[in-house]
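Asks: First the structure, which I've put down as structure tokens, then a few questions once you've had a look.
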Amino acid sequence: MIGEQEYGGQREVVTGHPDREFGVRGAAARADLGRHRATYLAVEPSTRRLVIEAVGVLFFAVVTVIGFATGADILAILGLAIMGVVGGRLLFDLLRSGYVIIRNRTARLDLYEYGLIVIVRGTPRIIRYDTTTLKRSIVQLVNNPAPEQVSHSYTLTDSVGDLIVLRHTIAHPAEWGPAIDSAVTAAQLPRSIEVLGAGGRLDFEHFWMTSTRIGAGKRSAAWLQVTDVEVSRGWVRIHVAGQSAPLESLPVSLIPNFTVFLRLAERIRAGCGPLPS
């Protein structure tokens, strides 16, 4: 049974900086991950909301004092009630921020030449680019979002087959996310091309492909009939000539190693892959 472990601020990780550093380097050396590329730590919690709430508490405290001083009981009671609500929210956010800081104080993600290391429950977990399965989900929480308003989630299999979830609670996901995706693609695309060239079949969970056909379950179409592999708003659609509906339409987040899948599709449709003469 494959278990799912969350990292990147989702669970507490190893404590003790020297031991952690040694554990990461030792695990990378034993796994022959090559040269170290980058280290990413937990993102610092934003203090903007805390400042706004503190100003709100101060403002309504002043309103309450003025109300009692001038005999405006309604104003005083209203100010006191709102101050209590905002003050309660401030206390909750302070406690939550402190908890997150303590929980994430040792969180880190290390990228190497041939893989990466994450710490889960005090143990370095090894993920190799050439054997992992990657699913990614990038969601904009608002229109025209700031970096902190984009949700990042990368689910990978480690060297023993367990699932590791990397989230946007690790700083700079717009850097490490594409770097991991690019490294996985570079490591696995050549072998995938060889499999197709030898007449083999590749499975991408909801899709499958050979050098001549692409399918979704029992439905399939010849690559020569595919008019477009559309990727839009987080969905991928396979359009086939003569069919009003796509062969299949699915969220990108459901397709393992999606970038590998897309590069293969582009290669075959461009005529660079093996097709029947």
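Asks: Please compute the contact order of the range 38-93 in relative form: average sequence separation of alpha-carbon pairs under 8 Å and at least six residues apart, divided by the residue count, as a percent.
Replies: Relative contact order, the range 38-93: 37 percent.
Asks: So, R0 is 22 Å and r is the distance between the beta-carbons of R219 and S244; what FRET efficiency does that work out to, to 0.05?
Replies: With a Förster radius of 22 Å, E is 0.90.
Asks: For an R0 of 41 angstrom, estimate the FRET efficiency from the Cβ-Cβ distance between V65 and L163 and round to the nearest 0.05.
Replies: The calculated FRET efficiency here is 0.15.
Asks: A further question follows. Run through all the Cα pairs of the range 215-257 and give the fraction in each 5 Å bin from 0, expressed as whole percent.
Replies: Whole-percent P(r) values from 0 Å outward: 5, 23, 31, 26, 12, 2.
Asks: Another question about this same structure. Kirkwood-based Rg over Rh for the range 189-277 (C-alpha set), two decimals?
Replies: 0.92
Asks: Quick one: if the Förster radius is 25 Å, what FRET efficiency do R237 and E113 give, using the C-beta to C-beta distance and rounding to 0.05?
Replies: 0.10
Asks: State the extension gain, in nm to one decimal, for the chain segment bounded by E194 and S182, taking 0.36 nm per residue of separation less the distance between their alpha-carbons.
Replies: Gain on stretching E194 to S182: 2.4 nm.
Bear in mind these aren't lab numbers, they're just calculated from the coordinates by the rules spelled out. From a predicted model like this one, the values you see are computed outputs, not experimental measurements. All Cβ positions, even for glycine, are placed from backbone atoms using ideal geometry, and neighbour counts span all protein chains on display.
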